[in-house]
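*Asks:* Have a look at the structure that comes next, please.
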Amino acid sequence: MNTPEKIGIITIRAVNGTINTFVLVIILLLLAFGCYALWDSGQVYSNASHSRYERYKPTIENEGVSFEQLQAINPDVLAWLTVYGTNIDYPMVQGLDNMRYVNTSAEGRYSLSGAIFLDYRNSPDFSDFNNITYGHHMESRAMFGEIALFSDKSYFDARKYGKLFVDGKEYGLEFFAFVHTGAGDREIFRVNIVEQEARQAYLDLILDMAINTRKDVSVTAEDRIILLSTCSPNSTSGRDILVAKIVEDIQSDPFEVIPAETPPSVIPTIDKLPDLWEQVMGWIKNRVSTSKEVDNNA
């Protein structure tokens, strides 16, 4: 073998080795980033899960002791919201504005999932005619991630009730409308409606806009209502709103004995990493085999 041929073989081997090393480094970096992304996503959804707050949930048995502990941690905590047949079972807070709890948890810590919060313009005791609450739409059905599902009539009809705990007392919730509107809808998102005619007009507007309604729930201008508002997954500036009447009577939870169907998890888990690792190792083995073939052919 003459000198030019040897130089060519050495050059090919060097280039091939450099390429293999470079690609391997890139893949390992991507793998490391993927691990971090999976961990970070898990943290976000873990912080958003209602189970994180179960120990604080007020019940008749503990007479709100654990709830008071949460209030001691964060004085902005003022209520507890439960929607039967869903994962909506959270403490509620109220800030000095509507930005405070967009990225802050009910425990007062930074969190991308935020908290369920009452409009800062509303009275903290839910004594207003219309009480507007907000929460993030989470793909894992955490926070207000299930509100959009109420657009389906069968889902809406199956989940009629919930309850609200505020000022040491529980109230029943009777859901009577599901509305889709825009984020800039000033009529829907206005509060402090005092006049009887204005209240009736507001109720009429809700019923006119509603995608689903419940005819067996009678709502008048004398009642109190609560709106659960979240971003719509179907439009950038859309808002999905579930509306309920606040009542004295509390209905039993029909989903308590038979839990609501749990959908397949959409949260990435570390369990998926072995598959990714096998793919990486397969690529490496393939490159090694290719390098050997180059050497043998040379």
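*Asks:* Any chance segment 141-164 includes a residue that's outside any helix (DSSP H, G or I) and either in contact with a Lys or Arg (Cβ under 6 Å, 6 or more places away or on another chain) or among the polar types (S, T, N, Q) (or both)?
*Replies:* no
*Asks:* Now a separate question. Is it the case that T86 is in contact (Cβ under 8 Å) with a residue 60 or more places away in the chain and either in the same structural domain as E174 (by TED's automatic domain parsing) or not charged (D, E, K, R) (or both)?
*Replies:* Against the criterion (in contact (Cβ under 8 Å) with a residue 60 or more places away in the chain and either in the same structural domain as E174 (by TED's automatic domain parsing) or not charged (D, E, K, R) (or both)), T86 qualifies.
*Asks:* Tell me yes or no: at least one residue of segment 173-181 is more than 14 Å from I226 (Cβ to Cβ) and of a type outside the set (D, E).
*Replies:* Looking through segment 173-181, at least one residue is more than 14 Å from I226 (Cβ to Cβ) and of a type outside the set (D, E).
*Asks:* Shifting gears a bit: When only residues in segment 148-159 that are under 21 Å from the mean Cα position of the chain (by Cα) and among the charged types (D, E, K, R) count, which is nearest to D240 (Cα to Cα)?
*Replies:* Ranking the candidates gives D152 first.
*Asks:* Which residues, taken from segment 196-218, are more than 29 Å from the chain's Cα centre (by Cα) and closer than 24 Å to G238 by Cβ?
*Replies:* Of everything in segment 196-218, those that are more than 29 Å from the chain's Cα centre (by Cα) and closer than 24 Å to G238 by Cβ turn out to be A201, D204.
*Asks:* Okay, next question. Could you list all residues from segment 127-182 that are surrounded by fewer than 21 Cβ atoms within 10 Å (Cβ to Cβ), touching a residue at least 12 places away in the same chain (Cβ under 8 Å) and among the polar types (S, T, N, Q)?
*Replies:* Once the filter is applied, which keeps residues that are surrounded by fewer than 21 Cβ atoms within 10 Å (Cβ to Cβ), touching a residue at least 12 places away in the same chain (Cβ under 8 Å) and among the polar types (S, T, N, Q), segment 127-182 yields S127, S140, S151, T181.
*Asks:* In addition: Looking at the structure I just gave you, is L227 modelled with pLDDT of 95 or more and closer than 30 Å to I73 by Cα?
*Replies:* For L227, the condition - modelled with pLDDT of 95 or more and closer than 30 Å to I73 by Cα - is met.
The values are calculated or read from the model by the stated rules, or taken from the named source; none is laboratory data. The model shown is predicted, which means the values in this text are computed figures rather than measured ones. Reconstructed Cβ throughout: ideal geometry from the backbone, glycine too, with neighbour counts over all protein chains shown.
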